[in-house]
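Report on one structure; see the data block that follows.
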Amino acid sequence: MKEKSNSQEYPTVNRQYKDRLFRMVFSKKEDLLSLYNAINRTEYTNPDDLEVTTLENALYLSMKNDLGFLVSVVLNLYEHQSTLNPNMPTRALLYFARMYEDYITKHNINIYSSAPKKLPFPQHIVFYNGTKDEPDRKVLKLSDLFETPPTEMKPCLECTSTMLNINYGHNRELMEKCRRLKEYAVFVDTVRGNLDSGLPLQKAVSLSVDECIRKDILADILTAQKAEVIQVVLETFDQEKYEKAMKREWYDEGYDAGYDSGRNKEKENGIRQLIGALLEMQKKYNISKDEIIAELMKKYTLSRADAEAYLEQTLKPKF
């Protein structure tokens, strides 16, 4: 059995860092309006047409860094994600409920009236720039997250989240329409490129900031708020490294359990033990089915077909 060090260290994570770089980049109304125009093919020019509705104190939802705003009759929620999260529609549902509550109170709308009361049209956009390969556009639905009812029913609720891949090279048309978004994508890509070259995190970030300033990429914010930007990016990338390290720890623990069982009993029991551990990890760290299959193939030298068969057998309902 392989030995696992008890002194293994993981990157330090500050989960309460003040702000995401994405929100810093779009903190000005004119930049946020430009992003809105690019997504919706509109041509608003007056920043005062945009009313910020972000719930700054919604800490219990862990959504302090989101961007909420109203343009004309459209209520928008923009979120940035560096990891895949299929639960975004659930988050949006809770967030929109709060924003509508605030809107109803602010405009003194009587929802108990016998006359219909109009509400702003909701739109939820998720800007994804994680390292997994994802399509330019993906629609996530709240209804896909509901349990299956015992009889044929239709849900009384629906909430859709449109996920846009904003990694450099994706959504080119959108990037050309919103220079700010393109510059953000280039900056993140520059940081990752310097990290891939083997530079330490802090040096890679500092070098990327200086390089982008020279190329006039987010030069205004990188120059005026250089120290703050570096700190935010350091903490953000620490978060990514922390999550990857925690996933690795769960893989190792799952393998240890499976290895012990496989050695003392039989290989199939060990595989099932590993699958059980990986499924627990899936709930906690949002691991995909493909990742579980890949880990089974690697640890037990299984073919993909065999790994899929073991997983499907484990997931099959027991009667």
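Laid out as a table, the results:
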{"read-out": "P(r) weight above 28 Å for region 46-201, C-alpha pairs, percent", "value": "33"}
{"read-out": "Base-10 log of normalised Debye intensity for region 153-239 (one unit scatterer per alpha-carbon) at q = 0.12, 0.25, 0.26 Å⁻¹", "value": "-0.44, -1.27, -1.32"}
{"read-out": "Accessible area of residue 139 in the full protein assembly, 1.4 Å probe (Å², nearest 10)", "value": "80"}
{"read-out": "Solvent-accessible area per residue, Å², over region 126-207 with all protein chains present [probe radius 1.4 Å]", "value": "60"}
{"read-out": "23 Å Cα-Cα threshold exceeded, pairs from 132/298; 29/182; 118/138; 138/226; 28/132", "value": "118/138; 138/226; 28/132"}
{"read-out": "Region 134-179 - percent of accessible surface contributed by carbon and sulfur, probe 1.4 Å", "value": "51"}
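The values are calculated or read from the model by the stated rules, or taken from the named source; none is laboratory data. As the structure is a computational prediction, the values presented were derived from the model and not from experiment. Protein only, heavy atoms only, side chains kept; ligands, DNA and RNA dropped before computing areas. Shrake-Rupley method; radii C 1.70, N 1.55, O 1.52, S 1.80 Å.
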